[in-house]
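Single-structure report; data block below.
Rule-based calculations on the coordinates, nothing more; no lab input. None of the values given here were measured: they were computed from a predicted structure. In this analysis, Cβ positions are derived from the backbone assuming ideal geometry, glycine residues included, and neighbour counts consider all displayed protein chains.
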Amino acid sequence: MLLQELDIRTSEDSLSINDLRELYFNGEKLSNEQQLALTNFDKFRLLQLEKVKDEPEFHQVYFKIQAMANLADFRDFLDFNSLI
């Protein structure tokens, strides 16, 4: 998934990556699927940020990744190959 093609789908019953992080830090047990989504998101985030060549671009990419973590359903991150 290229950041230029940012397509965030969300609904009232969606759980975002940041929702999962909050559950985890509050001591909740995450499912294997939820843990996989967190791992894939972190890999995706690092890959995207490592591609950045200058500071203005870094801020733009970082902002988009933050939006994804806050708004996209965690299920969007289950298939790592679809992210890259």
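Measuring gaps between exposed loop sites in the chain (GluC sites (Glu not before Pro); DSSP loop; at most 13 other Cβ atoms within 10 Å), the longest gap, sites not included, is 29-84. Over the chain, the ratio between the Cα radius of gyration and 2.2 N^0.38 Å evaluates to 1.09. Under 5 Å from the amide H of D73 lie the amide H atoms of R9, each residue being 5 or more positions distant or on a separate chain, with H modelled from the backbone and absent for Pro and chain starts. Its Cα centre serving as origin, the chain has a Cβ charge dipole (Lys and Arg +1, Asp and Glu -1) of approximately 220 debye. The slack between L47 and Q66, meaning 0.36 nm per residue of separation minus the straight C-alpha distance, is 5.4 nm.
Compute a Gaussian network model of the chain, connecting alpha carbons closer than 10 Å, and tell me which residue from L15, L23, L36 fluctuates the most. Of L15, L23, L36, the most mobile in the Gaussian network model is L23. The lysine pair tally for the chain, using Cα distances under 19 Å and a gap of 8 or more places or different chains, is 5.
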